[in-house]
1. Cα axis of helix 42-51 to longest principal axis of the chain: angle in degrees, 0 to 90, nearest 10?
2. So I have [x] 1.10; [y] 1.49; [z] 0.96, and one of them is Cα Rg over 2.2 N^0.38 Å calculated from this model. Which one is it?
3. Distance from the Cα centre of segment 65-126 to that of segment 257-307, in angstrom?
4. Can you give the relative contact order of segment 1-120 as a percent, counting alpha carbon pairs under 8 Å and 6+ residues apart?
5. With an 8 Å cut-off on Cα pairs and a minimum separation of 6 or more residues, tell me the relative contact order of the chain in percent.
6. Nearest 10 degrees is fine. How inclined is helix 354-370 to the longest principal axis of the chain, computing both from alpha carbons?
7. If you project the alpha carbons of segment 286-417 onto their three principal axes, what span does each projection cover, largest first, in Å?
8. Report, to one decimal in Å, the Kirkwood hydrodynamic radius for segment 339-481 based on all distinct Cα pairs.
Amino acid sequence: MKLFLSYPSAQRPLAERLVLALESEGHDVFMDRTDLKAGLSFHERLRAGIERSDAMVFLITPEAVAAGSYTLTELGLAQQQWRRPSGRVLPVMVVPTPIAALPAYLSAVTVLSPRGEMVSEVVAAVTQLPPGGMGRRLALVVAVALAIGAGLGGYAWRQSVQRDTAARERATVEARQTDQARAQVAAANQLCADGSHEAALDQLAAVARQPAAPAQVRVAEQDCAMRWLREMRAVVGQRSFTDQVARVEPLLSNALAGATGVRAADLRAHLGWGVYLRERDAAGAANDPLPHWQRALADDPANPYAHAMWARKLLDSPRDVAGAAAHFTQALATGRDVAFVRALQFGGSIGADDRLVLYAVGVADQMRRAGEAVDARVRTRLWSYAFGTRLLEADWRAALAGALPASDLLATFDGLFPAAEVRDDQRSLWRFDRLTLLTASGDVGAARGGFAALVSDLRAARTEGRIFDQSQRAFERLAPDVPRKP
């Protein structure tokens, strides 16, 4: 094909790459700044270039559609050449530009929004354009059809040609509309992943109303609704759980009517989670989410969402740590959405009461063994409720010792609070905590030397208080004749 490439000056490197790629596919590309012949005015040379072209590739950026740009001049000449842009003009979104800013002629056709490698996708899209000179070829076909029709009563022939041509044009338009709808779905999915759940659902609903809506748009709506429920946060005085659940609950309920197996279980589990979240509002409905989770597990006995959500409820009331742990274990065994399961484990345990805090420490140890990273916010809460000043309490030290073997407890502490990340104002307390755990693990010699250094540093800094007093007593208890750890 003979192609005219229109681009803003800032995109010249991309334009040159595109020319090379198109020419390697056998196309003849007119690149205005290099192909214009001397002796003609700028306007005439542009017109001549467009007139000898079969189609135009227009690279869209905010500068390309700005008033007064020479790219708009080229587009105007293209409009004079081809009254309808379909099959003649391929707009390519290079830099995000509001659709409302595009000229009506340009927005009348589907805009290509590449999601992968720009040049490759443009070359592929060009292959979908009608072959070069299609207008002239159609004229020839019609002329031949008329001649044949004169001798053969060719009305039916002409009708057949027209129907075939119209069908091809419809197929081209529908394919472009489908591609554009898929791009919009992908953009909405990214919005949802970034936390803009409601905006994503609004965009997906708009795509679903389009004639060329892809089949996956409904699944994307349901997935985003479930993700919103899992990530839902209430803002006191602004937006309650009840208000937000009301936005997604009808969508999931409608989807459940045609769902089976794992999909049905996922939907039921999230509907139960919506009931659970409403219960957390003072004015929320007092429905029981448990039937939803029981039914979900009937559809899919291993469903991680039903298991994890049920476990979270058990941690709230009746503080059934053993029952919750069993459900969490089954949820983790599936390997699905492990981050969500871990979030529920910590969310229902840290700070509630000491039994649950000990459970949270055990979860952190499991994650260390599995090579999973613990979120920074969770580590901060574990410092406050499980370690930190809590290790100054003898009873709590005994409770921790009963929860995990001393060596595992020390390894978990080191994984949660590496020395390089400790704040200066927490350094002395961190040293005391680690030396206390080191003592419990059996490395008495290293612990005694560490306490001696800590006491010396605190004394030099004239620091008094619980850390100094307990460090001094710990040092005195670790007599030199105590056998050292081999």
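The values are calculated or read from the model by the stated rules, or taken from the named source; none is laboratory data. A quick note: this is a predicted structure, and the numbers were derived from the prediction, not measured. Every residue, glycine among them, receives a Cβ derived from its backbone with ideal geometry; neighbour counts consider all protein chains shown. Only protein heavy atoms, including side chains, enter the accessible area calculation; ligands, DNA and RNA are left aside. Shrake-Rupley method; radii C 1.70, N 1.55, O 1.52, S 1.80 Å.
1. 90 degrees
2. Among [x] 1.10; [y] 1.49; [z] 0.96, the one calculated here is [y].
3. Using only Cα atoms to place each centre, the spacing works out to 47 Å.
4. Values: 168 pairs, mean separation 33.0, N = 120.
Averaging sequence separation for qualifying contacts and normalising by length gives 28 percent for segment 1-120.
5. Details: 543 pairs, mean separation 29.8, N = 486.
Here the relative contact order equals 6 percent.
6. 60 degrees
7. The principal-axis extents, from largest down, are 48, 32, 24 Å.
8. On the way: mean 1/r = 0.0637 Å⁻¹.
Its Kirkwood hydrodynamic radius stands at 15.7 Å.
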